[in-house]
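Okay, so here's the structure we're looking at.
Every number here is computed from the coordinates shown, using simple stated rules; none is lab data. All values derive from a computational prediction rather than experimental measurement. Glycine also receives a Cβ, built like all others from the backbone with ideal geometry; neighbour counts cover every protein chain displayed.
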Amino acid sequence: MRRKLIAFDIDGTLLNSQKAPLESTIDSLGRLREAGHLVTIATGRSRYLARDVIRDLDFENYIVCNGAAAFMNHNQIFKNLLDKKELDRLVTEADGMGIDTAFIEMDQARRMTSFNVGKMAQAMMSFGSVLPELETMFPETREVYQALAFFDESYQHQFESSFPTFDFVRWHEECVDVVPKNGSKAATIQYMAQRLGIQQEDIIAFGDGNNDREMLRLAGVGVVMGNATEEVQACGDLVTATNDEDGIWKALKTLQLV
């Protein structure tokens, strides 16, 4: 069997609804590695917010910040930073509307405002994180891989029109990831595959969220978790059981990889 590149989202995919990996998932990862396949995380989280999963599940390869950075053997091989001038303009416009923002660096997050702390905390807690620390002055020397903007769908079109060099990827009813245009998990997975000499048909992607849709379409086999919405399920080739019902193991069994 040819070597596969197998990419896994974290929240709603690798982790169950209790924010823990199933034993079947842990076993699956071990078997894939033993068979010589390359397994990688592909998450919207920063490296800092993914650190426990990286450590506990023994990942040496990981794509973080919705594809803005990639690591192989824990060494960074790719980065795609947000434009500072456009980011400053975004913060200024959001401030004028009472919308909170936060910046995501590789190993920390900082929020710029405190208009609605409760809304921010609710969104961050949805994936087991805490409210970023407040820092109103942001040094120009820092590298920003991703931003968060805390607004609902009623503001989506306005921001997309005002900032055409950014993509606004919704992962919560009150929050979007702000990433460089055309930067995505899919693009970085493809970069990693090309670096390894792995063909697109030998890419397998597992996901459940809106920010997984492109990588599910890109992959030779896009596996959608049963807990995904119908819109996300339509992007994949195989719908498996939920993240509470051994979905990863069952899909890999169907694909004869475990």
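Annotations
- Net lengthening on full extension, residue 34/residue 95 (0.36 nm per residue, minus Cα-Cα): 16.9 nm
- Gaussian network model of the chain, springs between alpha carbon atoms under 10 Å - residue of 61, 243, 75 with greatest fluctuation: 75
- Under-15-angstrom lysine pairs by C-alpha in the chain, whenever the two are 8 or more apart or on separate chains: 5
- Taking 86, 34, 214 as the candidate residues, the one with maximal mean-square fluctuation in a Gaussian network model of the chain, Cα springs under 10 Å, is 34.
- By the count of neighbouring beta-carbon atoms within 10 Å, fewest first, 110, 195, 55 end up ordered 55, 195, 110.
- If you run the Gaussian network model on the chain, springs between alpha carbon atoms under 10 Å, then out of 226, 247, 98 the most flexible one is 98.
- ³J(HN,Hα) computed for each position of region 199-206 - Karplus, 6.51 cos²θ - 1.76 cosθ + 1.60, integer Hz, glycine/proline x: 6, 4, 5, 9, 8, 10, 10, 10
- Cβ-based exposure ranking for 25, 43, in which fewest neighbours within 10 Å come first: 25, 43
- Residue order for 83, 88, fewest other beta carbons within 10 angstrom first, comes to 88, 83.
- Rounded to 10°, Cα long-axis angle of helix 47-56 versus longest principal axis of the chain: 30 degrees
- Distance in nm between pseudo-label sites at residue 238 and residue 142 (7 Å out along the Cβ direction from Cα): 4.2 nm
- Looking at the chain alone, DSSP beta bridges between its own residues are antiparallel in about 55 percent of cases.
- Helical content alone sets the calculated 222 nm signal of the chain at -9000 deg cm²/dmol, taking -39,500 (n - 2.57) per DSSP H segment of four or more residues and averaging over every residue.
- Extension gain for the segment residue 157 to residue 73, taken as residue separation times 0.36 nm less the Cα-Cα distance, is 26.3 nm to one decimal.
- Difference of contour (0.36 nm per residue) and Cα-Cα distance, residue 231 to residue 122: 36.8 nm
- Relative contact order of region 130-252, taken over Cα pairs closer than 8 Å and 6 or more residues apart, is 15 percent.
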